[in-house]
Amino acid sequence: MRAGIKILALLLAAALAVTLVACGKDRSLTDDEKSRIQTRFQAYIDDRGFSGAVYALYKGEVIFDGGGGMATDTLKNGSDIAYGVASLSKQVTAAAIMQLYESGKLDINDPLSKYFPDYRYGNKIQLIHLLSQRSGIPDYMVDSAKDKVVISVFEGGKEYVLVDVKNTAEENQKIIRDFFLSRDLLFEPGEQFDYSDSNFALLAEIVAQVSGMKYHDYVREHIFEPLGMEHSGFIDDFDKEKITQVAQTDREDFSMDYFTVKGAEYGCGDVLTTPKDWYIWYRGLTGGKVVTESSYRMMTKNYSDKEELGYGFGLMISDEGDSKAVYHYGYIPSFYSGAIYIPEYDYFEVVLSNHAKGDPHKLAYDMALYFAAVIDMELGDVS
């Protein structure tokens with residue numbers, strides 16, 4: 001009899017635990033909780049002197065829509081302003097590749113030599129190595145020196161190449177691509193994880209080769225337009241009639257207007273969009289409107305061997321805490337970005353900024369932590 005009671009108690013406890021978890025994930029916010037979140041988020045913005053916009057939703061309901069600082073001399077920052085999202089762009093490039101994979105136009109196990117036959121390491125590297133940041137191709141960075149735009153690679157050397165603001169985007173893309181493809185690999189492809197913009201610059205060019213369209217045109221036609229992202233484009237060639245309100249770039253860490261530098265962020269950091277459009281993107285990506293459920297699972301699998309950073313295909317992954325978090329941070333001169341999505345709780349936030357003030361990346365992290373505390377969720381490390 002005692003054993004039966006013990007079993008019954010265990011069953012009841014298990015059922016209660018399931019119920020509590022379900023309630024935690026499914027419950028709505030109270031008015032008091034919404035007010036607390038809004039007050040704290042705005043305090044974060046004001047106290048840190050943040051310049052940019054924050055847009056956060058829980059279960060499809062907007063729980064914060066605000067910002068701080070100025071987008072232009074006369075226009076305040078906000079969720080209808082377009083910002084460069086920097087490395088958040090990588091997930092768009094990855095999704096374009098997966099669309100072509102689904103249609104049978106390429107295979108993610110294709111050797112890179114299929115698309116760049118003259119590259120000396122092309123037979124060693126597969127497209128999946130590029131997608132998962134495991135190719136060994138060194139990363140590159142963009143900097144300015146007086147009136148010059150300097151491209152260098154992260155491999156300890158001092159060699160660099162210059163690109164010209166008078167060049168077309170395609171001319172600068174080729175200069176940059178030829179430069180990093182001339183470097184030695186940092187490791188054997190597939191052996192380890194190492195974050196590199198170079199991987200996604202190559203993937204963007206592969207999208208162009210396979211689709212027969214310019215990369216930007218492909219994304220507009222197959223991603224932005226079907227999703228209704230009416231205020232999204234690219235920093236190189238955005239439609240000024242559609243994207244009329246664009247945050248100005250600053251000159252604190254770059255000596256010129258970054259919009260004049262064409263081609264430098266090709267496929268790895270060149271999307272220009274509003275916080276509201278970026279939410280539409282996440283809804284589409286996670287809801288089967290961009291890629292299939294199978295492809296999305298591949299994109300959100302952790303391929304990294306770095307304990308401090310999980311990585312899928314253009315997406316950072318945290319498997320700790322109560323739920324998987326899918327996120328990414330980004331920076332290009334003048335623009336900082338951070339987006340965090342927690343699928344099981346249906347929490348989304350995006351922080352886009354046109355200035356370094358207020359540490360935008362930490363702001364995004366702190367806001368997510370505060371939201372998690374309000375709903376008693378253990379959030380994994382998304383720092």
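The values are calculated or read from the model by the stated rules, or taken from the named source; none is laboratory data. For clarity, every value in this text was computed on a predicted model and none was experimentally measured. Cβ atoms come from the backbone with ideal geometry, glycine included; neighbour counts cover every protein chain shown. Just the protein is used for accessible areas: all its heavy atoms, side chains included, with ligands, DNA and RNA removed. Shrake-Rupley method; radii C 1.70, N 1.55, O 1.52, S 1.80 Å.
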Residue that is nearest to residue 279 (Cα to Cα) [pool: residues in region 217-256 that are surrounded by 19 or more Cβ atoms within 10 Å (Cβ to Cβ) and among the polar types (S, T, N, Q)]: 232
Within region 323-341, tally of residues that are open to solvent by 30 Å² or more (accessible area, probe 1.4 Å) and in contact with a Phe, Trp or Tyr (Cβ under 6 Å, 6 or more places away or on another chain): 0
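Taking the options 107, 47, name whichever one is part of a helix (DSSP H, G or I) and surrounded by fewer than 18 Cβ atoms within 10 Å (Cβ to Cβ). Reasoning before the result, please.
On the way: 107 fails: part of a helix (DSSP H, G or I).
Exactly one residue qualifies, and that residue is 47.
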Condition check for residue 165: hydrophobic (A, V, I, L, M, F, W, C) and not in a loop (DSSP other than H, G, I, E, B): no
Residue list for region 110-159, filter: in contact (Cβ under 8 Å) with a residue 24 or more places away in the chain, assigned to a loop (DSSP other than H, G, I, E, B) and open to solvent by less than 10 Å² (accessible area, probe 1.4 Å): 125, 132, 133, 135, 136, 137, 138
Filtered residue count, region 356-383, keeping only those that are surrounded by 24 or more Cβ atoms within 10 Å (Cβ to Cβ) and either closer than 17 Å to residue 82 by Cβ or charged (D, E, K, R) (or both): 1
Scope region 352-362; condition touching a Ser or Thr at 6+ places or on another chain (Cβ under 7 Å) and outside any helix (DSSP H, G or I); matching residues: 352, 353, 354, 355, 357, 358
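Would you mention how many residues in region 226-248 are assigned to a helix (DSSP H, G or I) and either modelled with pLDDT under 95 or more than 19 Å from the chain's Cα centre (by Cα) (or both)?
So in region 226-248, the residues assigned to a helix (DSSP H, G or I) come out as 226-227.
In the following step, the residues that additionally are either modelled with pLDDT under 95 or more than 19 Å from the chain's Cα centre (by Cα) (or both) were identified as 226.
Matching residues across region 226-248 total 1.
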Subset of region 181-216 (residues that are open to solvent by 70 Å² or more (accessible area, probe 1.4 Å) and assigned to a helix (DSSP H, G or I)): 209
Single unsatisfied condition, residue 320 versus (1) open to solvent by 10 Å² or more (accessible area, probe 1.4 Å); (2) under 23 Å from residue 61 (Cα atoms): (2)
